[in-house]
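This report refers to the structure that appears directly beneath it.
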Amino acid sequence: MQTHEEGHLVYAARGVLAVHTDRGTSIVPANRIAWTPAGFTHQHRAHGETDMRIVFLSAELAQSIPNRPAVFLASSLAREVVLALTSRQLEPAARTRLQHVLVDELHEASEQPLQLPEPQDDRLRNIAQLLRENPADNTPLAELGRKAGAGARTLSRLIRSELGMTYYEWRTQLRIYHALVLLADGHDTTYVAHACGWANPSGFIAAFAAVVGTTPGRHRQEQPGQSGLALDGHSNI
């Protein structure tokens, strides 16, 4: 875990990143850019062979970006600017111009977080651990509640109040995160669908596209082989 005096943007030109803060985990595939303001304790986790790009922004440049962690949909221009800022030497004036372009793009971009909020209640934490260990588990909430020590109605209320979503929405987010990790590791769509609890690939593809904004196949194709910081396996940065 670390903090920085300047806020920074993180982009995965290849692979999948997760950004952990005390507010939960944000998943950052290749069509997203994550923002962590100055002073926020955080950790980056890379899944698969990941090309991670980081752009630090001064306090002045960061004024038009939220003062909280956020994830933005990355336009084609924003991606190219990040790659330019992180792949070659630039004159200070050119770097500043590109940073302004990037901030303008993010200011206009919609926030599209792939967020895994971290539950605080011990019973929900137990359920979250079960789902992380076995994303394909289709055990009903009532049965999970018996293991966690609470009824389904109590758990549903806690999930709604703490996480702002239903149990099934929460479970889908966890599964999509796991699916992104498996895809980054090179597994095919059919394997990933079954490993993450979907009965058939078509159901998985529909759910994946609804959350990520693209199909698993297109997601794989959108990740070019860029030179940069390559991280094999699961690395903490």
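Determine, for each peptide in 81-92, 207-218, the mean count of other beta carbons within 10 angstrom over its residues, then list the peptides with the highest first.
Values: 81-92: 14.6, 207-218: 17.2.
Averaged packing, sorted descending, gives the order 207-218, 81-92.
Measure nothing but the geometry: give the 0 to 90° angle between the long axis through the Cα atoms of 92-108 and the longest principal axis through the Cα atoms of the chain, rounded to 10°.
With both axes taken from Cα atoms, the answer is about 40 degrees.
Helix 152-163 versus the longest principal axis of the chain: what angle, 0 to 90°, nearest 10, using Cα atoms?
Roughly 10 degrees, rounded to the nearest 10.
Can you give the local net charge around G39? Use residues other than it whose beta-carbon is closer than 10 angstrom to its beta-carbon, Lys and Arg +1, Asp and Glu -1. Please list the in-between numbers first.
Details: positive: none; negative: E5, E6.
Overall, the nearby charge balance is -2.
Could you give log10 I(q)/I(0) at q = 0.20, 0.22 Å⁻¹ for region 119-221, computed by the Debye formula over C-alpha point scatterers of equal weight, without solvent?
Scattering profile of region 119-221, log10 relative to I(0): -0.97, -1.09.
Over the chain, what is the relative contact order in percent, taking alpha-carbon pairs closer than 8 angstrom and at least six residues apart?
Numbers: 411 pairs, mean separation 58.4, N = 237.
After rounding, I find 25 percent.
Roughly how tilted is helix 76-87, in degrees to the nearest 10 and between 0 and 90, from the longest Cα axis of the chain?
Taking the Cα atoms of the chain, the angle to 76-87 is about 70 degrees.
Quick one: net charge around L124, please, counting Lys, Arg +1 and Asp, Glu -1 for every other residue with C-beta under 10 Å from its C-beta. If you can, show how the numbers build up before the last one.
Values: positive: R123, R125; negative: E118, D121, D122, E162.
Once all neighbours under 10 Å are counted, the net charge is -2.
Which distance in nm do the two modelled labels at M165 and T139 give, with both placed 7 Å along the Cα-to-Cβ direction?
Output for this residue pair reads 2.1 nm.
Okay, helix-only estimate at 222 nm for the chain: each DSSP H run of n ≥ 4 adds -39500 (n - 2.57), divide by all residues, round to 500 deg cm²/dmol; what do you get? Could you put the intermediate results ahead of the total?
Values: 9 runs with 104 residues, N = 237.
About -13500 deg cm²/dmol.
Collect residues whose amide H, placed 1.01 Å from N in the peptide plane, falls under 5 Å from the amide H of R14; neighbours closer than 5 in sequence don't count.
D51
Going 7 Å from the Cα of M1 toward and past its Cβ, which residues in region 43-71 have a backbone nitrogen under 11 Å from where you end up?
Those under the cut-off are 43.
Using DSSP to define loop residues, name the trypsin sites (Lys or Arg not before Pro) in region 1-61 whose beta-carbon has at most 15 other beta-carbon atoms within 10 Å. Don't skip to the answer; put the middle values down first.
Values: sites: R14, R23, R32, R45, R53; in loops: R23.
Sparse-neighbourhood loop trypsin sites (Lys or Arg not before Pro): R23.
Read-outs: derived from the displayed coordinates by stated rules, not from any lab. Quick caveat, the model's predicted, so the values are computed rather than measured. Note that each Cβ is placed from the backbone with ideal geometry, even for glycine, and that neighbours are counted across all protein chains shown.
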